[in-house]
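Report on the structure given below.
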There are 2 protein chains.
Amino acid sequence: VVSDPTHQDPIPPTIEWRQGRVRLIDQRALPGELRFVECASVDDLCDAISTMAVRGAPALGAAGAFGVALAARTLSDDANVRAAARRLGGARPTAINLTWGVDRALEAWERGGADAALAEAERIAAADVAGNRAIGEHGAGLVPQSARVLTHCNAGSLATVGYGTALGVVRAAHEAGKRPRAWVGETRPVLQGARLTAWELDRLGIPVTLIADAMAGSLMASGDVDVVVVGADRIAANGDVANKIGTYPLAVLAREHGVPFVVAAPTSTIDLDTPTGSAIPVEERPPDEVAVVAGERIAPTGVAAANRAFDVTPARLVTAIVTERGVLRPPYEDALRTAST
Amino acid sequence: VVSDPTHQDPIPPTIEWRQGRVRLIDQRALPGELRFVECASVDDLCDAISTMAVRGAPALGAAGAFGVALAARTLSDDANVRAAARRLGGARPTAINLTWGVDRALEAWERGGADAALAEAERIAAADVAGNRAIGEHGAGLVPQSARVLTHCNAGSLATVGYGTALGVVRAAHEAGKRPRAWVGETRPVLQGARLTAWELDRLGIPVTLIADAMAGSLMASGDVDVVVVGADRIAANGDVANKIGTYPLAVLAREHGVPFVVAAPTSTIDLDTPTGSAIPVEERPPDEVAVVAGERIAPTGVAAANRAFDVTPARLVTAIVTERGVLRPPYEDALRTAST
């Protein structure tokens, strides 16, 4: 699926169709082990999505589309295919790309059956990688020579089909000889920064230093961050950005310190039907993701934990939104409408 | 050592002198187990301090003083006692209270020998608990009825000899019938919020909800925080506050959302010899505190991690500083000088 034939990508595709199954990198096992999950049914895939074996808004878009292809192949009744599509689309609520991918493959299936659904999913997957390379090329211009880039969570190859969005920007800057270095917030509670982003950057030969999320303020105050680059799970029509919990504090701190705050995301992340960030549903995940780390309970038994998976950064704190169609600047309303249609 | 004879404190003293030894709650074992470390030598105590069996600025003040008493009892040569005092004072660099406690006990020893050093340490310990109760009484006025209080790290009984500073404020509000509820940031990397603060509040019957540190921005944006109350490791002459890493982002977010940001600390935390926060030494702790959680490496082997233990909040973001002598308001320079002399 990764389309560049001139070199071996050090990171395999996050998701691909193999012999009638959806094969995923099992992101729960990283960085300790690079292993794969083979989903033979929609139930398998819904489970992989809700347990975050696969995660990241663009990867979920492809997962939704491949899931419909799987449903079309494995389920006999049309009503069952549509029900499976609804289940897939509801497996996680915040990333708009999931329902976008489901809807696109479902429309193809309505028109042309199972083969058309699979072909659409393959198109989405290939377009994702190509789009991410374009995001990287557009975004690299926002990364100064030898920049110290702060990122959060994982908006890398593993959050997409390949290449990455926010990390695609860092990677393109690296490939252009700009020698960027990355600070990566570990991203509690699920630690996607520590487990996934650090793993990717390490494989790509980009210098990376892990930090506790709460250290970002100190780094900005000491002048050690040149630009913040993050991904997005949904961008509202006015430019408000839902992304992994902890993104919003970085945007507030970046503004406080005059550091550019850049969002990199494909246009499939833009949701013109959601007027502002306050209308974006924010997933609450299980409390034990916070209270239990590596199998060990870190808080007294019985103590409550809250676990909002995302927060919303208002458009006024966003310096630029990088899409595969170019770099958008405020005010975002018209720019987003033009880019996503 | 906890001085109120009218009821049994649900949390034992953090540090006390018992039969020629310094007995500490072993904070590394909480919340799983309430166990104690008995330090028979200055080396034992230095080890307990540097491994954070005992931590928290006011507790370190008492530990430093009891350490000098231990040195005076166990070491034969005056030069050895002075060398031990220097070792104790250097065991951790940021909390000014540690050298303050060491210096006070050492002066007592110079004047009156081992018994005078121990008497001075006992006075410091008793004064700490009484001072914290006074901090609580002064600070409770800043906590509205049914307030949702956000705190960070542990500035509770365990960070002091007893009762706590920031948690002392919450506790006093609770005892006054105000029914506060607490949000507690887990406080990566060492998780003092999850392990210690949640444990204390739970024992005290104060409702507590654990969060990942990065969720604080979302909580403030949704209007779910009425006041932030934190402790301090050192307060510079101009009111800049060094405290656990992650405090500064909370102060910036609190300002952004019009939420009062309150620091609670004894006057021994004020360092008039440090003009501003930029002169406060910030300890860098071992990278594996970040990269290894509960014995499991969360990042790929070989990936670097940075681990600043503290950050500095500028005075302009601090709404009030609560000391045992009363509530200080900006501008802080004169107020701090008056309070600490």
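The values are calculated or read from the model by the stated rules, or taken from the named source; none is laboratory data. It should be emphasised that the depicted structure is a prediction, and the values quoted were computed from it without experimental measurement. Cβ atoms come from the backbone with ideal geometry, glycine included; neighbour counts cover every protein chain shown. These accessible areas exclude ligands, DNA and RNA; they are computed on the full protein's heavy atoms, side chains included. Shrake-Rupley method; radii C 1.70, N 1.55, O 1.52, S 1.80 Å.
Residue count for segment A:206-227 satisfying the condition of being open to solvent by 10 Å² or more (accessible area, probe 1.4 Å), facing chain B (nearest Cβ under 7 Å) and more than 23 Å from the chain's Cα centre (by Cα): 2. Within segment B:79-98, being closer than 25 Å to B:D240 by Cα, aliphatic (A, V, I, L, M) and in a helix (DSSP H, G or I) holds for B:I96, B:L98. Checking each residue in segment A:287-316 for being surrounded by 21 or more Cβ atoms within 10 Å (Cβ to Cβ), within 7 Å of chain B (Cβ to nearest Cβ) and either of a type in the set (G, A, S) or on the phi > 0 side of the Ramachandran plot (or both) picks out A:A291, A:A299, A:A305. Each residue in segment B:228-245 was checked for being at the interface with another protein chain (Cβ under 9 Å from one of its Cβ atoms) and either open to solvent by 10 Å² or more (accessible area, probe 1.4 Å) or closer than 23 Å to B:E175 by Cα (or both), and 1 of them qualify.
Residues in segment A:246-277 that are among the hydrophobic types (A, V, I, L, M, F, W, C) and within 14 Å of chain B (Cβ to nearest Cβ): A:L250, A:A251, A:V252, A:L253, A:A254, A:V259, A:F261. From the residues in segment A:152-201 that are more than 10 Å from every other protein chain (Cβ to nearest Cβ) and polar (S, T, N, Q), which one is surrounded by the fewest Cβ atoms within 10 Å (Cβ to Cβ)? The qualifying residue surrounded by the fewest Cβ atoms within 10 Å (Cβ to Cβ) is A:Q192.
The set of residues in segment A:322-341 that are over 16 Å from A:A172 (Cβ atoms) and surrounded by 17 or more Cβ atoms within 10 Å (Cβ to Cβ) comprises A:L328, A:Y332, A:A335, A:L336, A:A339, A:S340.
Only one entry in A:L34, A:L30 is among the hydrophobic types (A, V, I, L, M, F, W, C) and open to solvent by 10 Å² or more (accessible area, probe 1.4 Å), namely A:L34. When B:E283 is tested against (1) among the acidic types (D, E); (2) within 14 Å of another protein chain (Cβ to nearest Cβ); (3) open to solvent by 30 Å² or more (accessible area, probe 1.4 Å), just one condition goes unmet, and that condition is (3). Could you identify the single residue in B:D47, B:D78, B:D43 that is open to solvent by 60 Å² or more (accessible area, probe 1.4 Å), more than 23 Å from B:A309 (Cβ to Cβ) and at pLDDT 95 or above? None of the other options fit; the residue is B:D78.
In the condition set (1) touching a residue at least 40 places away in the same chain (Cβ under 8 Å); (2) over 20 Å from the mean Cα position of the chain (by Cα), B:A85 is compliant with all but (1).
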